[in-house]
1. I'd like the projected area of the chain, averaged over all directions, using the convex hull of its alpha carbons. Report it in nm² with one decimal.
2. So how much slack lies between residue 302 and residue 320, counting 0.36 nm per residue of separation and subtracting their Cα-Cα distance, in nm?
3. Collect residues whose amide H, placed 1.01 Å from N in the peptide plane, falls under 5 Å from the amide H of residue 163; neighbours closer than 5 in sequence don't count.
4. Using only DSSP helix segments of four residues or longer, with each worth -39500 (n - 2.57), what per-residue ellipticity at 222 nm results for the chain after dividing by its residue count and rounding to 500?
5. On alpha-carbon atoms, Rg over Rh for segment 99-242 using Kirkwood Rh?
6. Enumerate the calculated ³J(HN,Hα) couplings along segment 29-34 in order (Karplus 6.51 cos²θ - 1.76 cosθ + 1.60, θ = phi - 60°), each rounded to whole Hz, writing x wherever the residue is Gly or Pro.
7. Rounded, prolate or oblate for segment 210-327? Axes are the square roots of the Cα gyration tensor eigenvalues, ordered a ≥ b ≥ c, and the cut-off for rounded is a/c under 1.5.
8. Using 0.36 nm times the number of residues separating residue 236 and residue 32, minus their current alpha carbon distance, what extension gain do you get?
Amino acid sequence: MVSKKLLLSVISFSILFVTLAYGLDVNLSMEIWDRWTIVNQDSITENYMSVERAYFRIEPKFGDYIKGRFNIDVFSSDKGNDANGAGLKLKYAYLDFVNLIDYHTITVGLMKNYFGTIYDWEYPTIEKDINDLEHVLSSTDYGLGVTGKFDYFTYNVAVYNGEGYKKTGDDVNTNPCFMGNVRISPIEYFTIGGSIRYHKYGTVDSINDEYNTQMAYAGVANINFDPINIWFEYIVDQDDDPNLDTTITAQGFTVMPVLSLKNMTGADVELVARYDQWDPNTDVDDDGHNRIIAGINWNAYKDGSNTVMIQANYERLSWEADGVDPVDVFALQFRWKFKTAI
């Protein structure tokens, strides 16, 4: 009941905001992901249809130098606290101050994390970005950041809560998270970059005398030479627990080629392959896993920001440990989006 009341309140507020914002340059959009998922591990363990995402976005412009974005996400959920089979997330709520300093944008609010490929991620596969999937960090967080964009060079520096968009108030400790990201394009079609994240997380209480420390690093490379677009990322995630006098190092990588068939066939179709490898603790043998994904994306309709995309993915998750059956996932997704200026 609480979630239902909250949802109605948010929608009512959004409608009121749009009404009051009349006269501003405001874009209103929605994006829905309808998905059919089948999971097989020796036998079919899950077979269901769901609404995985239902984004409602408002994007106002306050003159030439300030713009905002507000984004809620409604989705199918079986959690006990979510009423009537639906959940609600606040995903984005930020302001951009553009060119207060030449070539720079200042962003404040609930915004993307500038780390690895997570802020480039547009879901060419149905599965999440590897950083999000392996819990290195969440896709968005509350923070303040600066982005500088030049001809061949882009950088981001930001300070965040560090706990991610799902946590606020008492769930956020007093230690901010610091993040930096760099992208360089030395030649056309090729980009390299790196990211770093530092955060003291957890709690200090009668059991824990000190905070845990996360140091995470990512290296990124992208080759985008039509019709092929290849992404590569290598990640190291070090978690130091001084209370137990131990440091756990996780590491992994992902490689993902995307082949566009549009110029060859006339159909707006992409073929996608992805391989992930992840070791959650480099000091422990046979605790890792790898993931293979093959998919196809078809833009059945595309007119500016109004799109209908159909995605089909096959995914296999395999374990290094002996005796564990692989997990096969078949997913069919219909992503549809519309956008209008009011």
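What follows is calculated from the coordinates using simple rules that are stated; it is not laboratory data. Remember, it's a predicted structure, so these values are computed and weren't measured experimentally. Neighbour counts are summed over all protein chains in view; Cβ atoms, including those assigned to glycine, are modelled from backbone coordinates with ideal geometry.
1. Orientation-averaged projected area of the Cα hull: 20.3 nm².
2. Separation in residues times 0.36 nm, less the Cα-Cα distance, equals 2.3 nm.
3. Long-range HN contacts for residue 163: none found.
4. After summing the helix terms and dividing by residue count, I get -2000 deg cm²/dmol.
5. Across segment 99-242, the Cα-based Rg/Rh ratio is 1.00.
6. 9, 9, 9, 10, 10, 8
7. Judged from the Cα gyration tensor, segment 210-327 comes out prolate (a/c at least 1.5, a/b above b/c).
8. Here the answer is 70.1 nm.
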